[in-house]
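Enquirer: Okay, here's the structure, questions in a sec.
The values are calculated or read from the model by the stated rules, or taken from the named source; none is laboratory data. Because the structure is a prediction, the values reported are computed rather than measured. No Cβ is skipped: glycine too gets one built from the backbone with ideal geometry, and neighbour counts run over all protein chains shown. Note: areas computed on protein heavy atoms with side chains; ligands, DNA, RNA excluded. Shrake-Rupley method; radii C 1.70, N 1.55, O 1.52, S 1.80 Å.
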Amino acid sequence: ITTTSPTPVVEDLFGVGSGPMLEPKMAKILHTWVAKALFACKRARPDTHTAVTLLCTRARTPNRSDWRKLIRLMQYLKGTKDDTLTIGIDDLNVVKWYADASFAVHPDFKSHTGACASLVTGAAMSMSRKQKLNTRSSTEAELVAVDDAINLILWTKLFLEEQGYKVDKNFLFQDNKSAILLEKNGKKSSSKRTRAINIRYFFVTDQAEKGNLRIDYCPTGEMVADFFTKPLQGDAFERFRAQIMGKVAM
C-alpha cells in the first residue's frame, strides 16, 4: 500500500461486482487481513466498521471487487494510522443511542442496520450489520434496526446499573417519525401495510412503557448512526467520523 484514501469505503460498497473470483492465495490474504481489521475496528477504529462488516460477508468467496474494497480500507488505515478513539464520559446516568437503517441496499434487497452508543464523546459501542429479513419500506427497515440494537441498548443499561450507576435517561434517537410512532404505540399505530411485521418488533414498545428507554427524534443530518449504514463520503463522512472517534461531542 503506497497511497492513502480519505475514506475506508468505495461508493459501490454494497455491490457484489462482476470481477472474477480471487485465486486461493489472494483469497487467503484477504481473509487474514479482514480478520485483523475486524479486531481493530471492534476495539479502536469504529470508523472502519461499515467497510469491515461488508468485507466479512464476502470473505468466504471474494472476487476482484472485494479485493479493491480491501485495498481502499488499507489505504485509509495507512493515512490515519495515528488516529485514536477517545471516549469521554460526562454523566454515567445518561446514555445516548442512535439507530438508523439504509433501505434495500444489498443485492438481495435486504436493508442495513447501523447503531452506536455514546456517553458524551466517542462511540463506546457501534453496530453495522446486514438485516436478516427483507422489509417493504424504510419504516419497516427502521423497526428492524431497533430490534437489531435493542439487546445492546438494554444490556448497557443493566451493566451500568450493576456497577452502581443508575441510568436515569436511556435515549434512543431515530430520524424516522413513522417508526417512532410504531415503537411508542405498538399496534395502535399500525396500518395494513405494517401489520405483517412480526410482533417481536413491538417489543421496544413494552420497554418504552416500562421506562427502560426513551425514544426521541433526531434530524437525519444529525443522525450519527447513518455513518454505519452507507458508504458516506466528503463532509458527511468527516463530520460523523469526528463524533464517532471522540473529537467532538455527540
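Enquirer: Carbon and sulfur atoms: what percent of the 1.4 Å accessible area of the chain do they account for?
Expert: Exposed carbon and sulfur together represent 54 percent of the surface.
Enquirer: Further question: Taking 4 °C and 1.567 mPa s as the conditions, I'd like the Stokes-Einstein D for segment 87-156 in µm²/s, using the Kirkwood hydrodynamic radius from alpha carbon pairs.
Expert: For the chosen part, D equals 102 µm²/s.
Enquirer: Just to be sure I understand the curve: with the Debye formula and one point per C-alpha of the chain, what is log10 I(q)/I(0) at q = 0.09, 0.15 Å⁻¹?
Expert: Reported log10 I(q)/I(0), two decimals: -0.41, -1.05.
Enquirer: Considering only DSSP beta bridges where both residues belong to the chain, give the percentage that are antiparallel (nearest 5).
Expert: 65 percent
Enquirer: Whole percent per 5 Å bin, from 0 to the bin with the longest distance: what is P(r) over all C-alpha pairs of segment 5-138?
Expert: In order of increasing distance, the bins hold 2, 10, 18, 20, 20, 15, 9, 5, 2, 1, 0 percent.
Enquirer: Moving to a separate point now. Taking a 20 Å limit on the Cα-Cα distance, which of the listed pairs Lys157/Lys210; Lys25/Lys230; Lys69/Lys230; Lys36/Lys78 fall beyond it?
Expert: Lys25/Lys230
Enquirer: Kindly report the accessible area of segment 31-168 per residue (heavy atoms of protein chains, probe 1.4 Å, no ligands, DNA or RNA), in Å².
Expert: Here the per-residue accessible area is 46 Å².
Enquirer: Here's a follow-up. Positive end of the charge dipole of the chain (Lys, Arg +1 and Asp, Glu -1 on Cβ, about the Cα centre): tell me which of Leu143, His106, Pro20 has its Cα farthest that way.
Expert: Checked the options; the winner is Pro20.
Enquirer: Work out how far the C-alpha atoms of segment 44-108 reach from end to end along every principal axis, then list the three figures in whole Å, largest first.
Expert: Extents along the principal axes: 47, 33, 17 Å.
Enquirer: Just the accessible area for Arg136, please: 1.4 Å probe, Å², rounded to the nearest 10?
Expert: The accessible area of Arg136 comes to roughly 150 Å².
Enquirer: Can I ask one more? Going from most exposed to least, what order do Lys130, Lys69, Lys110, Lys36 have by accessible area with a 1.4 Å probe?
Expert: The ordering from most to least exposed comes out as Lys36, Lys130, Lys110, Lys69.
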